[in-house]
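Each remark here refers to the structure printed beneath this line.
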Amino acid sequence: MGTTQTEEIRALQERADTGDANAQYELGLLYIEEHPTLQEKVLDCEKAEHWFMCAAQGGNTDAQCKIGWIYWVGMGVAMDNEVAAKWLTIAAKKDHALAQFYLGEMYFHGDDGEDSGSTFKKDLDMALYCYRRAAQSLDPDYKMISRNQRWMPPCQEA
């Protein structure tokens, strides 16, 4: 890792240490994903979870979604659908489309019969609601359809 990269990480760490939620989120990304300007990937799920949690608690919506996803899939932490749903719901209420989609997936699959000790239950109505909210967040012109209507691709006429 070059000096410039080390300096960039140090500056990001300093901002994160002062409570900058955006820097905390970026630092979390550094530990699990490719950073746009750094040439090396540093995989450390424990540090990533720590910084995402700090950023999520600081109000960073992307971090709230990411920490929800981490607990949903069990990336470096024990899977916990209740913690996942808590953070995904917080982000989803702020119209974060990916959080709404992940929450829809959680409701669609439920616990899948896994012996996780979780009480997160399958709810297809909630899954559909979350999927629709995600679509609406991505495209404000998206029209919600009623339960009695069948969705048709735009190229097909009724």
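The values are calculated or read from the model by the stated rules, or taken from the named source; none is laboratory data. Every value quoted in this text rests on a predicted model; they were computed, and no experiment measured them. Glycine also receives a Cβ, built like all others from the backbone with ideal geometry; neighbour counts cover every protein chain displayed.
Quick notes on this structure:
- One residue stands out in segment 58-104 among those that are over 24 Å from Glu26 (Cβ atoms) and surrounded by fewer than 16 Cβ atoms within 10 Å (Cβ to Cβ): the one that is farthest from the chain's Cα centre (by Cα), namely Ala78.
- Test result for Ile32, closer than 22 Å to Tyr102 by Cα, modelled with pLDDT under 90 and surrounded by 14 or more Cβ atoms within 10 Å (Cβ to Cβ): yes
- In segment 78-110, the residues that are touching a Lys or Arg at 6+ places or on another chain (Cβ under 6 Å) and in a helix (DSSP H, G or I): Gln100
- Hey, Ala127 of a type in the set (Gly, Ala, Ser) and within 14 Å of the chain's Cα centre (by Cα) or not: no
- Complete set of residues in segment 58-77 that are assigned to a helix (DSSP H, G or I) and without any contact (Cβ under 8 Å) to a residue 12 or more places away in the chain: Val73
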